Structures are given as C-alpha cells and as structure tokens.
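The values are calculated or read from the model by the stated rules, or taken from the named source; none is laboratory data. Remember, it's a predicted structure, so these values are computed and weren't measured experimentally. Here Cβ is always computed from backbone atoms with ideal geometry, including for glycine, and neighbour counts include all displayed protein chains.
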Amino acid sequence: MRTLAGSILFLLLFQVCRSQVLAGPMLGPVELRDARIWLEVAPSVRNVQLSFSPKNGGKPTVVGYQGALGKAYNPLTFTLANLEPATTYAYSFIIDGKRVPQGGTFTTKELWQWRRPAPDFSFLTGSCSYVNEPVYDRPGKPYGGDSSIFSAMAREKAAFTMWLGDNWYYREVDYFSPSGLWYRAHRDRSQAILQPLLKAMPHYAIWDDHDYGPNDADKSYILKEESRNVFRNYWPNPSFGENGQGIYTLVSYGDVDIFLMDDRWFRSSNDLPAEVDGKPNAAKRMWGSQELEWLKNALATSRATFKLIATGNQTLNLMSSAECLQNYPIEFNELQDFLRRQKVDGVIFLTGDRHHSEVIRYDRPGTYPLYDVTNSPFTSGVSKVTGTKEEANSARIAGTLVEAQNYSRVTVSGPAKARRLGVEFRGIHGELLGQWSISETELKTP
Ligand SMILES: [Fe+2]
C-alpha cells in the first residue's frame, strides 16, 4: 500500500516537473571551454538553476538563471564557463528549489590543434519541418509528415545538427502578430518526439522564409525585428549577425568551417527584376552588402579544409524555378568572382528549402567545380521534380535525388591532405536513400 502511494506521489511529482519544463534541454554550442544549454520553462516558474560537474566525479557547480522569468514564453540559455576540453559533464536543473528529472550530458571539444590530425566526425543536417495544427492549417491533406524522423536522428552518433531553415512554419495566424511568432516557435519546439534529439547533440540553425515570416518573405517584413528576437531566444547560436542586423554566424568543428548565412534579413523582393538594361540589377540583393562583405572576409581568413556555405535557398541550380541565388545575379557574380580571384579552396554549399534532396554540380572554367548539397525536407510535404522540366537536370549528380522525407549525415574523415566529405541522405528510419562524397583534392584551385 505504501509502495502504491509512493508510486503515485512520484508520478504526480514527475507531472509537476514536466509541466515546469515545456521544452528541452537542448544543447547549443559546446566549445573547448564553454557550453550553452537551452531550456523553456512555464510562466509559473520563478527560479531556475543548473548544476553541472564532470561525469567522472568532481564538485558540482551551480549557476542561477539571471534573466527575467514569468513571461508568456520563457526560453532561456545557460552558458557554462571554464570547462576543460575533451571532458564529459553531467547537468541537471533545480526549479523553484526542487531538482527536476530533466538533465543530460555533453562532451567538450578536444584540443587537437598542434597535437593530432583533425578528428574524423559526422554531423546531421536538413531543413523544412512542419508540425500540423489542424485548427490553423490549410484545409485538406495535412502538410506535415511523419515526425519520427527526429527519433532516427536522435539515435545517430553525431557531433551536432545543423538546421538549414524553415525549421518551423509561421502561418497566417502567426506572422501578423508578435505573439503568433512566439507561439509557433514554442509549440514546435515543445513537441515530445523532438526532445531526445535536442539533448543528444549540439544544435545550430539558420532561418529561411517560413521561420522568418511569410512565404518568400524579404527585408520588407514589418515584424522582422521581433522575428529575429524569437530566433535568438530559441536558437543559442554563437552570434547573430552584426550591428543588430541579421542572424549570420560561423561554426567551426575539426577542420571544417560552416558559414551560416541569413538569406532573409537583407533580401530584396524576389519580384524585382534580376536585370536592368541587360545588366545585373545592383538593387536586387539576397544576402546584402554587409553580410556578403562578412562572408568574403570570413572565407579569405578561413584555413578550413572544407568551407561549407549554409544558406536557405539553392545557389547553383540553374534549372530551379524556386527561390535561388541565380535570381540575384549581382551577388551570384560577386561571390563567383571573389572565389576565383581569392583562390578559395574547399567550398561546398549546403542548402534546403526545396522539399527534395540532391547534389548539383556547377562547373567553372579553369578551376574546380562547386557543389550545392540540398537537404530537404525533415517533415514538410515532399515536392517532386520528377515529372517537371527539372527532372532531367544534367547538373544533378546521378543517384542523389531523394524525393522523400530525409535528413543528411555528413561525414568528414581521412588523413591530412586527403580528407573526404561524404553525404548520406537518410529516410525516416535512418535508411540510406542517396549518397555522394568528394575528396579535398577535387576542391583545389589549380
Ligand atoms: Fe523556404
């Protein structure tokens, strides 16, 4: 009898704790010496503390959350400092004075530079995640698919997940009001099926149109300041643009740099003409001059073997009828000229948005070809190119078209000077649907 009462008490306690933590924990950037951990708590919560210690023993450190609580939505991020490299830490939370069941572990990066070859590692990537909410969705067949793909991703051993945009979908009920923006981010992030993935590995993100504002939204979106605020609160990225503008940033892991681009904040309307009087329209920009200037300098400075430019829209698919960099020829040409003149090696694009996956090759006379690895969709409806003019796209690498829900597992491995980058497109159960790989030796300026 006492055991039954004890069990009921435990269940009640667990329910109370679950209702205090609405989403997370999610790992943000985990560096050599610090780590960010994200959590969303209920409006009723008054105090949140995080306790952490090396997993193999050691005195716990307790840090208190210093920001405001008790708001309608309360996503919060802890930054744990003065950690040791290559060390696994365990963490847990104390909410309003009581320890709650949510918690986990993370392992800081290893200090390999000047000591060992760059580590082999894998990361996950993809885009387009739609969670159905019939009361606000378009009538008819639900747009969101099987979200068990996030369970398959959580089972992967990977260094991090890179979210390539359209990570949630603002709909009409959301994007006319600030509360709608917060609601959508909160609702999608709190889906139970997502939680194991959130704490299994660090997460980084860029946005595309649907998690920025309306479909195909651009710089004229009037709630973009609030949208950026929501993004900053739900993705603990390393930084967010410059001068309070945009969300672009850089993520480094091993000998790979990923340039996280913002294709919305500075974007001119898709409907401006690409050319004026037979010349590229200088007023039609996708990344904008501030961000492109940052990208060029960051690329020139980078010593990474592979330099991955992650951006929402496709960048090299000349047959695309969707949003793409080619419809912004002033920036397409500027970047191409820069890569050639600066002799930037190892560049590959990582893109999303299209609701199918593929690898597009773009030949450049006199130098190495560029590739655009498009990864989409996690859960949104599939958009097939089969049966359209794009089906016969000769720029697509054979065997890479995936017209099903999928995520990508990107693996970087091999000895110095012969590193390989491999991409596997995997389905909702982790099954292999397509693949491609390339050696760093194929991405060198002659
Ligand atoms: Fe998109």
If a residue has to be more than 22 Å from Phe332 (Cα to Cα), among the β-branched types (Val, Ile, Thr) and assigned to a loop (DSSP other than H, G, I, E, B) to count, how many in segment 357-416 make the cut? 6
Search result, residues across segment 248-264 that are surrounded by fewer than 24 Cβ atoms within 10 Å (Cβ to Cβ) and charged (D, E, K, R): Asp255, Asp257
I'd like to know if segment 339-361 contains one or more residues that are in contact with a strand residue (DSSP E or B) (Cβ under 6 Å, 6 or more places away or on another chain) and acidic (Asp, Glu). yes
Scanning segment 175-234 residue by residue, those assigned to a loop (DSSP other than H, G, I, E, B), touching a Leu at 6+ places or on another chain (Cβ under 6 Å) and within 16 Å of the ligand (Cβ to nearest atom) turn out to be Ile206
Confirm whether Ala300 is more than 21 Å from Thr351 (Cβ to Cβ), out of contact with any Leu (no Cβ under 8 Å at 6 or more places or on another chain), of a type in the set (A, V, I, L, M, F, W, C) and in contact (Cβ under 8 Å) with a residue 24 or more places away in the chain. yes
Residue that is surrounded by the most Cβ atoms within 10 Å (Cβ to Cβ), among those in segment 184-228 that are among the acidic types (Asp, Glu) and more than 20 Å from Phe240 (Cα to Cα): Asp188
Going through Thr351, Thr367, Thr411 one at a time, which residue ends up being of a type in the set (Val, Ile, Thr), within 16 Å of the ligand (Cβ to nearest atom) and under 26 Å from Ala298 (Cβ atoms)? Thr351
Can you find, within segment 30-76, the residue that is farthest from Ser252 (Cα to Cα) among those that are surrounded by 13 or more Cβ atoms within 10 Å (Cβ to Cβ) and of a type in the set (Ser, Thr, Tyr)? Tyr73
Go through segment 312-329 and report how many residues are among the aliphatic types (A, V, I, L, M), more than 16 Å from the ligand (Cβ to nearest atom) and surrounded by fewer than 20 Cβ atoms within 10 Å (Cβ to Cβ). 2
Hits in segment 345-356 (condition: part of a loop (DSSP other than H, G, I, E, B) and of a type outside the set (Lys, Arg)): Asp345, Gly346, Gly352, Asp353, His355, His356
Okay, strands (runs of 3 or more DSSP E) sitting entirely in segment 244-344 with 2 or more residues that are of a type in the set (Val, Ile, Thr) and in the same structural domain as Gly387 (by TED's automatic domain parsing), I get 249-253, 256-260
